[in-house]
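Each remark here refers to the structure printed beneath this line.
The values are calculated or read from the model by the stated rules, or taken from the named source; none is laboratory data. Just so it is clear, the model here is predicted, and its values are computed rather than measured. So basically every Cβ, Gly included, is an ideal-geometry build from the backbone, and we count neighbours across all protein chains shown. Just the protein is used for accessible areas: all its heavy atoms, side chains included, with ligands, DNA and RNA removed. Shrake-Rupley method; radii C 1.70, N 1.55, O 1.52, S 1.80 Å.
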Amino acid sequence: FSPKVLAGQQVLVTAGPTFEALDPIRGITNHSSGKMGFAIARAAREAGAEVTLIAGPVHLPTPRGVRRIDVLSALEMLDAAQREAQHASVFVATAAVADWRPASHSEQKIKKDGSGHPPVLHFVENPDILATVAKSERARDGQLFCVGFAAESENLIAHAKAKRERKGIPLLVGNIGPLTFGQDDNSLLLVDADGVRELPRAPKLQLARELIAEVAARRSQGGL
Ligand code: C5P
């Protein structure tokens, strides 16, 4: 990546799914591969940034020169993201955070009780990591530029615009369907205050580089 458009910047990325434990051996998760977030971390590093990558459980090698923090649950990811965001200048949230976690966690394996009645599971909502970080003083002051992702199965543009406003972020990136979990190619829609622009279908690393160039341009304009 030349020139080093993010030299001197600290970039924080969340990637992958979260895993919400039910008991010591079971839990709920999703099919996020983490590839887009890992590609963004790599592209940011290539652009000269110091990069911290908070990763849920994925099977991907850490991009060279990137500091990686492994987490399991949404609460662990929130904790790490809030801590690391205190000295970041860019936050890109790509993680597919579980919307809900089991309301209670059993220390022992939940056993069949022989009654023929399966257990009833109760859930509570997880915090929105991106929206929480976007509300921090750093983000509101313009020192931290927050980018979100949206995967929608319909009405992408309308949903993406609404999501950008709801989360209080300057830039939202839509995954243009079909849902691309695990694939190497993608196409993206950039939604900001000025409107919508498409990055046509390309390998995720190329899209990540284009996105990083966009973020760098916005930061050098003063950001929000
Ligand atoms: O609301 P939705 O899950 O569609 O929003 C997606 C965006 O918000 C992604 O950038 C995702 O990483 C982030 N997110 C988050 N914490 C959540 C849910 C979503 O950071 N609990």
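Figures for the structure shown
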| item | result |
| --- | --- |
| Qualifying position, being more than 8 Å from the ligand (Cβ to nearest atom), open to solvent by less than 20 Å² (accessible area, probe 1.4 Å) and either in a loop (DSSP other than H, G, I, E, B) or touching an Asp or Glu at 6+ places or on another chain (Cβ under 8 Å) (or both), among Gly114, Gly142 | Gly142 |
| Answer residue from segment 191-219, given it is farther than 23 Å from Leu144 by Cβ and part of a helix (DSSP H, G or I) and is most open to solvent (accessible area, probe 1.4 Å) among those | Gln206 |
| Residue in segment 150-158 that is more than 10 Å from the ligand (Cβ to nearest atom) and modelled with pLDDT of 95 or more present | no |
| Residues within segment 12-33 that are surrounded by 24 or more Cβ atoms within 10 Å (Cβ to Cβ), in a loop (DSSP other than H, G, I, E, B) and not polar (S, T, N, Q), tallied | 1 |
| Test: residue in segment 3-11 that is of a type in the set (A, V, I, L, M, F, W, C), farther than 19 Å from Ala85 by Cα, more than 12 Å from the chain's Cα centre (by Cα) and open to solvent by less than 50 Å² (accessible area, probe 1.4 Å) | no |
| Any hit, segment 81-89, residues being modelled with pLDDT of 95 or more, in contact with a Gly (Cβ under 8 Å, 6 or more places away or on another chain), crowded, with 20+ Cβ neighbours inside 10 Å and not aromatic (Phe, Trp, Tyr) | no |
| Filter result for Ile169 (in a loop (DSSP other than H, G, I, E, B) and either in contact with a strand residue (DSSP E or B) (Cβ under 8 Å, 6 or more places away or on another chain) or modelled with pLDDT of 85 or more (or both)) | yes |
| Count of segment 90-111 residues which are more than 16 Å from the ligand (Cβ to nearest atom), open to solvent by less than 80 Å² (accessible area, probe 1.4 Å) and not small (Gly, Ala, Ser) | 1 |
| Candidate set: segment 125-139, residues that are within 12 Å of the ligand (Cβ to nearest atom) and not in a loop (DSSP other than H, G, I, E, B); chosen: the one most open to solvent (accessible area, probe 1.4 Å) | Glu125 |
| Unmet criterion (only one of (1) more than 19 Å from the chain's Cα centre (by Cα); (2) open to solvent by 20 Å² or more (accessible area, probe 1.4 Å)) for Gln183 | (1) |
| Test set (1) among the aliphatic types (A, V, I, L, M); (2) open to solvent by 10 Å² or more (accessible area, probe 1.4 Å); (3) within 12 Å of the ligand (Cβ to nearest atom) - Ile40 fails condition number | (2) |
| Residue within segment 53-74 that is of a type in the set (Gly, Ala, Ser), open to solvent by 20 Å² or more (accessible area, probe 1.4 Å), within 21 Å of Leu188 (Cβ to Cβ) and within 14 Å of the ligand (Cβ to nearest atom) present | no |
